[in-house]
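Enquirer: Please see the structure below; I have some questions.
The values are calculated or read from the model by the stated rules, or taken from the named source; none is laboratory data. This structure is a prediction, so every number in the text was calculated from the model and none was measured. As a convention, Cβ positions derive from the backbone with ideal geometry for all residues, glycine included, and neighbour counts pool all protein chains shown.
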């Protein structure tokens, strides 16, 4: 397996870890009682720092628009579901609709080119797009190997 091909699964693993640490830290945020309780506060701070560190590693290979859409969308949806299932938060039609819109937004961003264009053409804002999209992430000729 080439270096670039090996980097892609590793990037996805880092992104999954970033999402998991962000969800954990967010769910535990209330237990800090406005950061007056040292142990929960440390766990939350370490969770967020670890999440951002993992996200930075994922961004060495994955396009930022793809990674951030997944990180923020899945994190938000997961925290909302955890809130309903385990934290006593209510479930309403509005909350269900909001979660559906978050998931739909992430899907649309990913299907609609959130990863950028691999053909080098200008994006909607006129800027050049050189980040490989979709399966091009596995194409060794799509760009330089990450350091």
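Enquirer: Residue 73 fails exactly one of the following numbered conditions: (1) within 15 Å of the chain's Cα centre (by Cα); (2) in a helix (DSSP H, G or I); (3) at pLDDT 95 or above. What is the number of that condition?
Expert: Checking residue 73 against (1) within 15 Å of the chain's Cα centre (by Cα); (2) in a helix (DSSP H, G or I); (3) at pLDDT 95 or above, the one that fails is (3).
Enquirer: Here's a follow-up. Restricting attention to segment 30-46, report how many residues are out of contact with any helix residue (DSSP H, G or I) (no Cβ under 8 Å at 6 or more places or on another chain) and either in a loop (DSSP other than H, G, I, E, B) or within 16 Å of residue 7 (Cα to Cα) (or both).
Expert: Residues that pass the stated criteria total 2.
Enquirer: Could you say which residue among 113, 120, 83 is modelled with pLDDT of 95 or more and more than 18 Å from residue 7 (Cβ to Cβ)?
Expert: Unique residue meeting the criteria: 83.
Enquirer: Now for a separate question. Just to check your reading of the model, which residue among 42, 19, 96, 82 is closer than 25 Å to residue 112 by Cβ and surrounded by fewer than 17 Cβ atoms within 10 Å (Cβ to Cβ)? Please lay out each step first, then the result.
Expert: Values: 42 fails: closer than 25 Å to residue 112 by Cβ; 19 fails: surrounded by fewer than 17 Cβ atoms within 10 Å (Cβ to Cβ); 82 fails: closer than 25 Å to residue 112 by Cβ.
Within the list 42, 19, 96, 82, the selection yields 96.
Enquirer: Now, a different point. Look through 49, 27, 103 and report the one residue that is modelled with pLDDT of 95 or more, assigned to a helix (DSSP H, G or I) and surrounded by fewer than 15 Cβ atoms within 10 Å (Cβ to Cβ).
Expert: Exactly one residue qualifies, and that residue is 49.
Enquirer: Related question: In segment 84-104, which residues are under 16 Å from residue 19 (Cβ atoms) and in contact (Cβ under 8 Å) with a residue 24 or more places away in the chain?
Expert: Those that are under 16 Å from residue 19 (Cβ atoms) and in contact (Cβ under 8 Å) with a residue 24 or more places away in the chain: 102, 103.
Enquirer: Applying the selection to segment 55-64, what residues are buried (at least 17 other Cβ atoms within 10 Å of the Cβ) and part of a helix (DSSP H, G or I)?
Expert: Passing the criteria: 55, 57, 58.
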